[in-house]
Each structure stands twice: as C-alpha cells, then as structure tokens.
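Peer 1: The structure is given below, and queries will be raised subsequently.
Read-outs: derived from the displayed coordinates by stated rules, not from any lab. A quick note: this is a predicted structure, and the numbers were derived from the prediction, not measured. Positions of Cβ are generated from backbone atoms using ideal geometry, with glycine treated the same way; all protein chains shown enter the neighbour counts.
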Amino acid sequence: MADVYKELRAAIVAGEFDAGAPLGEVALAERYGVSRTPVREALRRLQQDGLVERGDRGMRVRVRSPEEILEIYEVRIVLEGAAARAAAERRTRIDLARLRAAAEAMAATDAADGMAMAAANRAFHETVWAAGHNQTLTDLLMRLNDHLARYPATTLTAPGRWENALAEHAAIVEAIDARDADTAATRAEAHMAAARDIRLEMYTRELP
C-alpha cells in the first residue's frame, strides 16, 4: 500500500500541485489507490507540517505569500546561525574537510544551471548542519527547506547573488575552521538575511 503521507508530501514539495490547489480526499484516494482514511490522516499531518491548509472548500496546498516568506526566514535565520555556531564549536577534522569539499564543489558548479546551483548550495548547508552534530536542529532545518522548495525559483539566479553566496560560504567556513562560534553565527545569519531579501523581491516581481 502507498505511503500517502510521504508520496503526497514529496509531490507538494516538488511542485506537482500548484499553490492553492484543492486536495480532495476522493481524488487523492484514487490517485494513490487507497481508501479515504489514510488520505485524511496524511492531510492532517501535512497541515501540521505547514504544507497544506484548510480553505473555503476543504484542504488545499498552502498559498504562497510574502508573510509566509518572512515567517520562514525569520526562523531559518536563527536556526542557520545556531547551526553554524554549533559547527564551530563541535566540528571535527573530517567535518572541516567535508565543508571545504562542499564549498569547492559549489564553486565548480555551472552558474548557468539554476537547478545545479540550488543542489550545490543545499549540499553545502547540509554539511554545515551535519558539522554541528545536533540532529534535532538538522531536522528542523530540513522541514524549513521543504517550505522554501514550494517557491520554485532559486535566489541564486539573482544578479550577483551567486558570487556573493560563494564569498559568504567561504567566510562561514573560515569562522568554523577558527572555532569562532560568534562570527560563524553572525555570518550565517547575514547570509540568510540576504537570501530573504532577494526572495521577497523575486516574489514581488512574480505578482500579476
């Protein structure tokens, strides 16, 4: 039997359902070949995850909004700072080698390929999270990343952002290498604040 929660969650994150798209129990039960009971449970869990919401006519994919962008980044800025701080305090030599490799891989990525840029950027951030050795923090950041995945265009395609992101990542690695927790946290927070501002600008340009 299909794991409706996992499959529907992946489909929403991947953009297979538009923002605001209705999520009828009957249609989803037919799509996944199950009864309405597991669909109802999946929708309940996805509502807790913040990926779906209740609309006028039942459940729907959560609508995108500037308020949501601000909410997500408000939390992510804090958590990314905490992750960088933890990495500076707890990183091992292996963690540091992996961070440098992730940064180098990102620098070698084709700047004309938005999907590759986004994947390399995520790999770098996940390496920072892993270096902090705090699984709860990593789990929270993974969930936040899923929310941002519903906004398909990457901020890294904005003019000058790729070059700035590479420099900001290098500065974060430098602070982690030096075990300077305060500086690592500050640089990570500033990095995410810059991404927030670009994300809001991109959203504004997409409005009709």
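Peer 1: So is V39 hydrophobic (A, V, I, L, M, F, W, C), more than 21 Å from T186 (Cα to Cα) and touching a Pro at 6+ places or on another chain (Cβ under 9 Å) or not?
Peer 2: Judged against the criteria, V39 is not a match.
Peer 1: Any residue that is outside any helix (DSSP H, G or I), without any contact (Cβ under 8 Å) to a residue 60 or more places away in the chain and buried (at least 20 other Cβ atoms within 10 Å of the Cβ) - is there at least one of those in region 27-35?
Peer 2: no
Peer 1: Would you pick out the residues in region 102-130 that are surrounded by fewer than 17 Cβ atoms within 10 Å (Cβ to Cβ), of a type outside the set (A, V, I, L, M, F, W, C), touching a helix residue (DSSP H, G or I) at 6+ places or on another chain (Cβ under 8 Å) and not in a helix (DSSP H, G or I)?
Peer 2: D110 - this is the single residue of region 102-130 that is surrounded by fewer than 17 Cβ atoms within 10 Å (Cβ to Cβ), of a type outside the set (A, V, I, L, M, F, W, C), touching a helix residue (DSSP H, G or I) at 6+ places or on another chain (Cβ under 8 Å) and not in a helix (DSSP H, G or I).
Peer 1: Within region 131-150, track down each residue that is touching a helix residue (DSSP H, G or I) at 6+ places or on another chain (Cβ under 7 Å) and either aliphatic (A, V, I, L, M) or more than 17 Å from E80 (Cα to Cα) (or both).
Peer 2: Selection gives A131, L137, L140, L141, L144, L148, A149, R150.
Peer 1: Then there is this: Do the conditions hold for D139, that is, is it surrounded by fewer than 18 Cβ atoms within 10 Å (Cβ to Cβ) and under 23 Å from R100 (Cα atoms)?
Peer 2: For D139, the condition - surrounded by fewer than 18 Cβ atoms within 10 Å (Cβ to Cβ) and under 23 Å from R100 (Cα atoms) - is met.
Peer 1: What number of residues in region 152-174 are touching a residue at least 60 places away in the same chain (Cβ under 8 Å) and surrounded by 22 or more Cβ atoms within 10 Å (Cβ to Cβ)?
Peer 2: So the answer is 3.
Peer 1: Can you name the residue in region 175-186 that is in contact with a Gly (Cβ under 9 Å, 6 or more places away or on another chain) and over 19 Å from A97 (Cα atoms) and is also surrounded by the most Cβ atoms within 10 Å (Cβ to Cβ) among such residues?
Peer 2: Taking the candidates together, the pick is A185.
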